[in-house]
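The values are calculated or read from the model by the stated rules, or taken from the named source; none is laboratory data. This structure is a prediction, so every number in the text was calculated from the model and none was measured. Cβ placement follows ideal geometry from the backbone for every residue including glycine, while neighbour counts extend to all protein chains displayed. Heavy atoms of the whole protein, side chains included, go into the accessibility calculation; ligands, DNA and RNA do not. Shrake-Rupley method; radii C 1.70, N 1.55, O 1.52, S 1.80 Å.
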Amino acid sequence: MKKKATVKVVSFVLGGIAGVCLILLSILFIISGGFMKQTYLEPWSKDYAAKYSDPRVRLAASGLLAASNHNMQPWKIRLDKSDPMVFYLYADSSRMTKQVDPYARQMMISQGTFLEYVAVAGKQEGRNVEIGLFPDGTYDESHLAESMDGKPVAKIALSKARVQNSPLYDATFLPDTNREAYRMEKLAPQQISALQSLSGGNGVSIKLVQDSADLKKIGGYAMQSAAIEAGVGRVMEESNAIFRANESQKNKYRYGYSVEGQGTSGLMKYVLQGLLTLFPSLNMGEAASRNFIGSTRTSVDNTPAYAMIQTSGNSRLAQVESGMLYSRLVLTGHTLGLVMQPLSQVLEEYPEMKIPYAEFKRAYAPNGGTVQMLFRVGKPTKNTPLSMRRDVMDLIVRE
């Protein structure tokens with residue numbers, strides 16, 4: 001009799017604990033915004049762009065799926081009033097990340113990533129897409145923000161053409177960045193050849209490395225630069241300021257970082273979001289620095305190959321063309337079963353990064369060139385969730 005009573009007590013206690021856990025999970029789910037509609041993911045639907053009659057808006061809707069620095073999506077679109085087949089891309093100066101990107105180099109690369117997605121979507125739409133970079137001349141660097149607002153990065157002119165179905169178009173609807181562990185398998189010769197064939201000319205080229213010595217050396221630079229960045233308060237605060245802790249914030253802002261960026265999905269996403277909403281300090285200060293260094297370590301330890309985009313100079317034109325090339329690499333990579341993730345901290349140009357930046361440049365661009373991007377390449381071990389995207393109409397300048 002005593003044994004049966006003990007079993008009943010244990011079962012009662014365990015049942016109570018399970019009930020409490022279920023209640024806590026439910027509370028975190030609600031706080032996280034688990035019942036909210038995820039409007040920030042709507043642009044990823046192929047039906048999203050189709051609802052607009054203006055072909056320029058449809059192509060801009062494809063462009064905003066591209067990768068951008070800090071997921072800031074720093075793009076503005078002006079529709080030509082007199083020609084319904086012409087529109088202009090401007091860099092949105094209000095979305096500069098001045099601490100981590102003081103010379104707006106990454107921001108200009110982001111203009112290129114957008115333009116390449118537009119070009120790919122144009123073929124699917126049955127449009128020739130003619131892109132003219134800096135049609136009104138390049139920026140006045142002494143008044144950079146004002147110059148960005150006044151001068152377009154590109155004039156995009158459309159004309160009718162034959163529809164060209166392309167696997168690259170389907171790839172635009174896949175996540176542009178995968179921060180998970182990659183399989184430790186070297187790239188096959190045909191994969192290397194396909195990626196290297198994408199070099200854009202005009203002094204823009206691709207360098208792929210996968211020998212053990214380079215992997216170790218570049219991984220060392222990645223860890224060194226991550227440790228430096230994690231210790232620079234103003235840089236980390238800039239990133240923390242655009243972290244979106246829950247569904248409500250993601251729907252409100254639709255740009256920046258979220259827990260999905262670290263591959264968190266399913267129920268755990270909502271649990272973590274709930275905790276971060278209740279306890280923001282879990283992702284601030286020293287905690288944020290530890291998380292950043294830890295995620296970089298995971299990346300470095302699970303990378304079979306690195307790639308670099310190099311340019312002979314460092315003009316605004318070269319920066320934009322580097323972004324176009326990066327998008328071609330990402331989209332082509334998807335067709336080859338490969339994913340990518342930028343690891344460009346060592347290329348950032350704020351004072352604390354000066355020494356590793358100079359060392360890396362001497363090692364990989366010794367003849368006066370510039371490494372515009374450094375990124376991982378490999379086969380994924382896990383899929384990664386989609387990230388926030390703005391509404392395309394928020395990009396359109398109302399005049």
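For the reader, a short list of remarks on this structure follows.
- Filter result for the condition that a residue is open to solvent by 30 Å² or more (accessible area, probe 1.4 Å) and part of a strand (DSSP E or B), over 341, 310: 310
- Unique match (being crowded, with 17+ Cβ neighbours inside 10 Å and of a type outside the set (Asp, Glu)) among 96, 85: 96
- All positions within segment 191-227 that are under 30 Å from residue 118 (Cα atoms), outside any strand (DSSP E or B) and free of Cβ contacts under 8 Å to residues at least 60 places away in the same chain: 192, 193, 196, 197
- Test: residue in segment 248-259 that is within 30 Å of residue 188 (Cα to Cα), free of Cβ contacts under 8 Å to residues at least 40 places away in the same chain and under 22 Å from the mean Cα position of the chain (by Cα): no
- Any hit, segment 240-247, residues being open to solvent by 40 Å² or more (accessible area, probe 1.4 Å), farther than 27 Å from residue 325 by Cα, touching a residue at least 40 places away in the same chain (Cβ under 8 Å) and assigned to a helix (DSSP H, G or I): yes
- Residue match in segment 384-392 (condition: assigned to a helix (DSSP H, G or I) and at pLDDT 95 or above): yes
- Cβ-Cβ under 8 Å pairs, at least 6 apart or on other chains, segment 33-48 side under 24 Å from residue 274 (Cβ atoms) and at pLDDT below 95, far side open to solvent by less than 40 Å² (accessible area, probe 1.4 Å) and assigned to a loop (DSSP other than H, G, I, E, B): 33/246
- Filter result for residue 298 (touching an Asp or Glu at 6+ places or on another chain (Cβ under 9 Å), polar (S, T, N, Q), surrounded by fewer than 23 Cβ atoms within 10 Å (Cβ to Cβ) and part of a helix (DSSP H, G or I)): yes
- From the options 157, 104, 161, residue that is among the hydrophobic types (A, V, I, L, M, F, W, C), modelled with pLDDT of 95 or more, farther than 26 Å from residue 260 by Cβ and open to solvent by 10 Å² or more (accessible area, probe 1.4 Å): 157
- Residue 121, sole failed condition from (1) open to solvent by less than 10 Å² (accessible area, probe 1.4 Å); (2) more than 24 Å from residue 255 (Cα to Cα); (3) within 25 Å of the chain's Cα centre (by Cα): (2)
- Residue check, residue 342 touching a residue at least 24 places away in the same chain (Cβ under 8 Å) and either of a type in the set (Asp, Glu) or touching a Phe, Trp or Tyr at 6+ places or on another chain (Cβ under 7 Å) (or both): yes
- For residue 271, the conditions (1) crowded, with 18+ Cβ neighbours inside 10 Å; (2) at pLDDT 95 or above; (3) over 26 Å from residue 73 (Cα atoms) are fulfilled apart from (2).
- Residue in segment 187-198 that is in contact with a Lys or Arg (Cβ under 7 Å, 6 or more places away or on another chain) and not aliphatic (A, V, I, L, M) present: no
- Failed item in (1) in contact (Cβ under 8 Å) with a residue 40 or more places away in the chain; (2) open to solvent by 10 Å² or more (accessible area, probe 1.4 Å), with residue 136 passing the rest: (1)
- Flag for residue 110 being within 19 Å of the chain's Cα centre (by Cα), open to solvent by 10 Å² or more (accessible area, probe 1.4 Å), in contact (Cβ under 8 Å) with a residue 24 or more places away in the chain and closer than 27 Å to residue 236 by Cβ: no
- The condition of being in contact with a Phe, Trp or Tyr (Cβ under 7 Å, 6 or more places away or on another chain) and of a type in the set (S, T, N, Q) does not hold for residue 177.
- Among the residues of segment 327-357, just one is aromatic (Phe, Trp, Tyr) and out of contact with any Asp or Glu (no Cβ under 8 Å at 6 or more places or on another chain), namely 350.
- Among the residues of segment 368-399, those that are closer than 20 Å to residue 63 by Cα, among the basic types (Lys, Arg) and either open to solvent by less than 20 Å² (accessible area, probe 1.4 Å) or within 17 Å of the chain's Cα centre (by Cα) (or both) comprise 389, 390.
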